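One structure is given below, encoded as structure tokens.
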């Protein structure tokens, strides 16, 4: 449902990230299929899936995954430019201001703190106005206070953009903020609530 | 600690952490070892080749029969032995008679090289291990033609009658000496007494030849030298024909240069490998610090690990090098006539030592840097070692490279030129690369997103990219330099004996004959005969102090000082001569009188500019100061003079003239007609010698090319290693772009754009560097004319783009072939 937030929880190694990778079409399943916005994800080739990602998906990773060679604003511009959209620089700058980094547009990832890097990643994820945001342990590499700030920001932006959020976490408190919670045990859904 | 280090090495190796470094090192040592192995074998072959010029490893010559003492000693030491006797005598066949240079040889002659014979004139010849059988003689082509004899015809020498057995087409040891001016007649030594030509007082040249393994020969030569009597001498490689020696020296310079290029290329590969290794080990280091390891403990641990690595990689490299050179030697066996001698052990030591020095020179400084990693990095990944200037880190590496260059070159000048060339190319390249990137960044930001991102990527890490461009430029410089040297320097070298080089010398031309002779030759297709006046004179005093054989210790100097030199007088410097010191005759010199002398002679007799030389010619003396020193081109086959004076000084002395010309092809009897028309002339046919010289040169060039081919391969490998160094990063970035929705085409195009620009800049720099170094080597080291090659400027960028794009294509395929999630996980 648009705007819905789903948490995927489970112990380390239970298959949370694998599930997320499959949902995004970053990994290929040995069997089964994934429907994304009405399209059979694995009925498409790699480039087809990439095009779908460009159109529909936003990502937030545990380890940020910013391109070190690009400045903050260039990292945020990248998905827009890849999709061939206009006004990338303005939209990226606006989005960075939204995450509180309006003063750090030209900074490179290595000169930003972990929290700041994750904010850039959030800006990059939301700048394309995706229908679905996939977040893989977004606070996993951050201390508690910083992590809480990032989560707060993510939920705010999610609500503003009416994006569907799928959040992988092992933090029950964060999971509790989502409407639905899917628990994985050894690769299987153990419970939903 | 040693064992722990070994375990760490094995763990790192298993984890694939050492792949690039170890591969770089193995390739480096392998490259150096194979070049060294091959160069060692080729060098041995060259030495053997040069020994063919003597026909032996040691050639002993005397004007009387050798005592049994020497013969027995050769046998006693287990060396092989042969003998020959040389003299001039008349030979008769039918109504024709001719002065022949008779050579009587024992079976086994020559000990080095082979005779070639043919069954008749203008019939293909072939190698033979035999000497003329009893009752037979072998004649050279000129003799066959002049005596009008064929195979099986009778010929008389002295009181004996022989039959013609074959046409002698090549003697490996036929040098330029008066004896050889006459056509050759070869006979078996046992047949000589029957001729009755060996009488007391006959002018006969007795030669004793010995050959065998190197140490035995060296010891025998030492033994024999101590026992030489009057009129006895030993020829070894050192005083063999100067033009061959010059060829050998130059070939060895080329081989040394190739080894040096391998050293520089290896250094680049190892520097790149170490950089990757230390970057990947920052975390592990911090973790170990957390677990309580001290800095010195860790430093020792890593040092030992690297030493183990050096040992393992050097061994592997030597094995690889041996294997590859065996393959190359086998594959190219047809190019090198005869079998290559087996390789020695020294390349193994060379390779291993090079591996250790390179690894320590380039790995230790970054390791020292690793020591500074704070334990805090465990928590904060952005905390790394304090940054230092690249020069400070690699100063040890540079010192190591220079040491190795010096060691391999064995010559400070050559090592300095190559090192300086590369250092300058490095510094300049880095600066130009950085500038070019900035420029492109400013003006190149239009076009598709992939193109712009490719360029932006280049610009956004200008330092790293400048370094990478330089690394690739070094590889390209080496490749272009090697191809340029092969193409241009070897051409220049080969041209020293052009196909139309003079092959006949005319000696004893009387002044009044010059006109008639010139006309005769013109009628026979020879144009513009240039004749040099020649006055025979003995050098009797230097700066007023009389000189004689007793003043010199060198054998050759003793001989020369007692004989007459051929002195010429000229007002213009001959074209093939080059001044090394002083100035050519000026107006003042021409009025006062002056001498120009040859470089080696100046060295041999200790003559300097300004010294006054006094000569004696036909009872009259003349003296003049030395105003210049020249080098001669021995390959030119034109009359060369050790001493040239100003005309006024010598014009009043009785002189004959000397000249040389190239005989028109197909006119085998020109020499004969010439001798009939001008009976007083001595015609020296050097075509056989020329042919032999050309053959030796071709062999040398072939060998040099083989070794070059190999260094060229090493250059390509280093290029690959340089690009591999950023492979991780690129794979990861490709995955992130894929996750953000980039298509394959977009990822590929971005990388292609980036690499194409990178390759083009590197290629241009490579062209520049290679041209600069090539010019320096040609003009300053090898004294050849540098041929400006415009193609290099196209080949460099083309090669750069091709190599880099090809590699990027392969790398991107590898990066795109895996699910993006794998690359993303690896990075996190």
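The values are calculated or read from the model by the stated rules, or taken from the named source; none is laboratory data. Note that this is a predicted model, so its numbers are computed, not measured. Neighbour counts run over all protein chains shown; Cβ positions are idealised from the backbone, glycine included.
Would you kindly identify the helices (runs of 4 or more DSSP H) lying entirely within region B:1-76 that contain at least 3 residues that are over 26 Å from the mean Cα position of the chain (by Cα) and at pLDDT 80 or above?
B:68-76
What single numbered condition from (1) under 26 Å from residue B:683 (Cα atoms); (2) buried (at least 18 other Cβ atoms within 10 Å of the Cβ) fails to hold for residue B:96?
Among (1) under 26 Å from residue B:683 (Cα atoms); (2) buried (at least 18 other Cβ atoms within 10 Å of the Cβ), the lone unmet condition for residue B:96 is (2).
Results for (1) within 19 Å of residue B:190 (Cβ to Cβ); (2) out of contact with any strand residue (DSSP E or B) (no Cβ under 7 Å at 6 or more places or on another chain), shown as yes or no for each residue.
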position	(1), (2)
B:101	no, no
B:109	yes, no
B:120	no, no
B:125	no, no
B:134	yes, no
B:140	no, no
B:158	yes, no
B:162	yes, no
B:172	no, yes
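Can you give me the number of residues within region B:737-752 that are at the interface with chain A (Cβ under 7 Å from one of its Cβ atoms), farther than 12 Å from residue A:46 by Cα and touching a residue at least 40 places away in the same chain (Cβ under 8 Å)?
1
Kindly indicate the residue of region A:96-118 that is within 27 Å of residue B:730 (Cβ to Cβ) and within 17 Å of the chain's Cα centre (by Cα) and also farthest from the other protein chains (Cβ to nearest Cβ) among those meeting that condition.
Top of the filtered list is A:96.
Considering each residue of region A:37-55, count those that are crowded, with 20+ Cβ neighbours inside 10 Å and within 16 Å of the chain's Cα centre (by Cα), and give that number. Break it down stepwise before answering.
Narrowing region A:37-55 to residues crowded, with 20+ Cβ neighbours inside 10 Å: A:41, A:49-50, A:53-54.
When the remaining residues are screened for being within 16 Å of the chain's Cα centre (by Cα), the result is A:50, A:53-54.
Count: 3.
Here's the yes/no breakdown for (1) at pLDDT below 85; (2) over 30 Å from residue B:343 (Cα atoms); (3) assigned by TED's automatic domain parsing to the domain that holds residue B:103:
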| site | (1), (2), (3) |
| --- | --- |
| B:181 | yes, yes, yes |
| B:196 | no, yes, no |
| B:199 | yes, yes, no |
| B:207 | no, yes, no |
| B:214 | yes, no, no |
| B:221 | no, no, no |
| B:224 | no, no, no |
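Check whether at least one residue in region B:429-448 is in a helix (DSSP H, G or I), buried (at least 22 other Cβ atoms within 10 Å of the Cβ), modelled with pLDDT of 75 or more and within 11 Å of chain A (Cβ to nearest Cβ), and report yes or no.
no
Just one of B:172, B:132 is part of a loop (DSSP other than H, G, I, E, B), at pLDDT 90 or above and surrounded by 20 or more Cβ atoms within 10 Å (Cβ to Cβ); which is it?
B:132
Name every residue in region B:739-753 that is in a loop (DSSP other than H, G, I, E, B) and either on the phi < 0 side of the Ramachandran plot or surrounded by fewer than 24 Cβ atoms within 10 Å (Cβ to Cβ) (or both), in order of residue number. I'd like the intermediate steps shown before the answer.
Here is the first cut: in region B:739-753, the residues in a loop (DSSP other than H, G, I, E, B) are B:740-743.
Those that are in a loop (DSSP other than H, G, I, E, B) and either on the phi < 0 side of the Ramachandran plot or surrounded by fewer than 24 Cβ atoms within 10 Å (Cβ to Cβ) (or both): B:740, B:742, B:743.
Going by the conditions given, is residue A:140 surrounded by fewer than 22 Cβ atoms within 10 Å (Cβ to Cβ) and without any contact (Cβ under 8 Å) to a residue 60 or more places away in the chain?
No, not satisfied.
I'd like to check something: does region A:76-91 contain any residue that is under 20 Å from residue A:149 (Cα atoms) and either surrounded by fewer than 18 Cβ atoms within 10 Å (Cβ to Cβ) or within 13 Å of chain B (Cβ to nearest Cβ) (or both)?
There is at least one residue in region A:76-91 that is under 20 Å from residue A:149 (Cα atoms) and either surrounded by fewer than 18 Cβ atoms within 10 Å (Cβ to Cβ) or within 13 Å of chain B (Cβ to nearest Cβ) (or both).
How about region A:145-173: which of its residues are touching a residue at least 60 places away in the same chain (Cβ under 8 Å), assigned to a helix (DSSP H, G or I) and surrounded by fewer than 18 Cβ atoms within 10 Å (Cβ to Cβ)?
A:155, A:159, A:172
Just checking, how many residues over region A:35-73 are more than 18 Å from residue A:132 (Cβ to Cβ), at the interface with chain B (Cβ under 7 Å from one of its Cβ atoms) and free of Cβ contacts under 8 Å to residues at least 40 places away in the same chain?
Total meeting the criteria: 4.
What number of residues in region B:569-595 are surrounded by 15 or more Cβ atoms within 10 Å (Cβ to Cβ) and assigned to a loop (DSSP other than H, G, I, E, B)?
The total comes to 9.
Scan region B:451-464 and tell me whether some residue there is closer than 17 Å to residue B:762 by Cα, at pLDDT below 70 and either assigned to a helix (DSSP H, G or I) or away from chain A (no Cβ under 13 Å) (or both). Steps first, please.
Kept after step one, since they are closer than 17 Å to residue B:762 by Cα, are these residues of region B:451-464: B:454-455, B:457-459, B:461-464.
Filter again for at pLDDT below 70, leaving B:461, B:464.
Subsequent filtering for residues that are either assigned to a helix (DSSP H, G or I) or away from chain A (no Cβ under 13 Å) (or both) retains B:464.
Yes, the conditions are met somewhere in region B:451-464.
Based on this model, can you work out whether residue B:368 counts as assigned to a helix (DSSP H, G or I), over 25 Å from residue B:765 (Cα atoms) and modelled with pLDDT under 70?
no
So if I check each of B:795, B:760, B:823, B:810, which one is at pLDDT below 85, part of a helix (DSSP H, G or I) and in contact with a helix residue (DSSP H, G or I) (Cβ under 8 Å, 6 or more places away or on another chain)?
Details: B:795 fails: at pLDDT below 85; B:760 fails: at pLDDT below 85; B:810 fails: in contact with a helix residue (DSSP H, G or I) (Cβ under 8 Å, 6 or more places away or on another chain).
Just a single option satisfies the conditions, and that option is B:823.
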